[in-house]
Amino acid sequence: MTETLGKTDVLVREVADTTHAPPPRRRRRRAVAEEPGKRWMIHVPLVLYLLFTLIPFYWMLVFAVRPSGSTQLVPWPISFEHFDTVWNDIGFGVFFYNSVVMGLGVLVFVTVLSVMGGYALARFKFRGQRVFLLAMLCSQFIPGAMMLIPLFVIFKSAGLLNSITGLVIAEVAFQLPLSLILMSGFIRNISVELEEAAMVDGCTRLRAFFAVVLPQLKPALVAVGSFAFIGAWNNFLFALMFATRQDKFTLPVGLSYTLGEFNTDFGALAAGGVVAAVPVVLVFAVVQRFLVQGLSAGAVKG
């Protein structure tokens, strides 16, 4: 009996020592250096693609800053005469203002409406929901040119021609469906239990939305708002058809007026392209990390 108890004590001590013993150290895997051939297979295509992308921007910048009649590949001295021409003589200052106002208006309305509609699609079930989602998705396959005549008739009867308001309405109508789908997909990834816990603590649904859901929507808001702004900024067709007065033109329409019937001022055209491209590049540079996160979260159903 005593021997049995002694063996039991020994087994208990061994188990305890094993339990409290530090875990065995894992062997560090040595980083295997990539073969030079494999690295060149990746880097060379990327460098070629980068050059293919940047060379047109370089030529646009060269034409914009070198003096008229110059053929230098590296412009020196730098001249801003073409920027003065497009900004003051052609009226790019007015075009730039119209584009900014229209882009910000589309950004605000698309973002607010997509948050409201996306929350309803993600949190509530109603009859015809799948048909509604399918209709919104199918609307993205309709070219904007097919809707020009009906929209022109509607805007003319409503007095919205030659107005920034009409351009904002047209842009919001065409950009809202995709934004709704992205926002609803992002909201589905936010746990419903967090809202329910907030409502148990006394919050209303609206209060729970602002306290729990909205702070987690930052990547989605940036993604949807950025694409809405850039889509409105680059749109040419609606601005050309619904604005016939020069004081209502946007930058894409203003760029088309630098092209003459028999000759083209390439310096002015390049300077206008720089003015139109710089804001978009800055927007992408600032929000690009939120764009990837927001699009990936909105595209995957949680």
Practice item. Grab the helices (runs of 4 or more DSSP H) fully contained in the stretch 65-152, keeping just those with 1 or more residues being without any contact (Cβ under 8 Å) to a residue 24 or more places away in the chain and either touching a Pro at 6+ places or on another chain (Cβ under 9 Å) or aliphatic (A, V, I, L, M) (or both). Key: 92-123, 129-139
Point to revise | Selected residue [of a type outside the set (Phe, Trp, Tyr) and crowded, with 22+ Cβ neighbours inside 10 Å] from Thr250, Thr258, Thr204 | key: Thr250
Study note, to complete from the structure: For the stretch 208-217 the number of residues that are surrounded by 14 or more Cβ atoms within 10 Å (Cβ to Cβ) and of a type outside the set (A, V, I, L, M) is 2
Review point. For the stretch 248-272, how many residues are over 13 Å from Thr85 (Cα atoms), modelled with pLDDT of 85 or more and assigned to a helix (DSSP H, G or I)?
Key: 4
Check your understanding: How about the stretch 97-118: which of its residues are of a type outside the set (Val, Ile, Thr), crowded, with 21+ Cβ neighbours inside 10 Å, more than 21 Å from Pro252 (Cα to Cα) and more than 15 Å from the chain's Cα centre (by Cα)?
Key -> Gly118
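Rundown of residues vs (1) farther than 18 Å from Val274 by Cα; (2) at pLDDT 50 or above, yes/no style:
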{"position": "Arg13", "(1), (2)": "yes, yes"}
{"position": "Thr19", "(1), (2)": "yes, no"}
{"position": "Pro22", "(1), (2)": "yes, yes"}
{"position": "Pro45", "(1), (2)": "yes, yes"}
{"position": "Phe57", "(1), (2)": "no, yes"}
{"position": "Leu61", "(1), (2)": "no, yes"}
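The values are calculated or read from the model by the stated rules, or taken from the named source; none is laboratory data. Given the structure is predicted, the values throughout are model-derived calculations rather than measurements. As a convention, Cβ positions derive from the backbone with ideal geometry for all residues, glycine included, and neighbour counts pool all protein chains shown.
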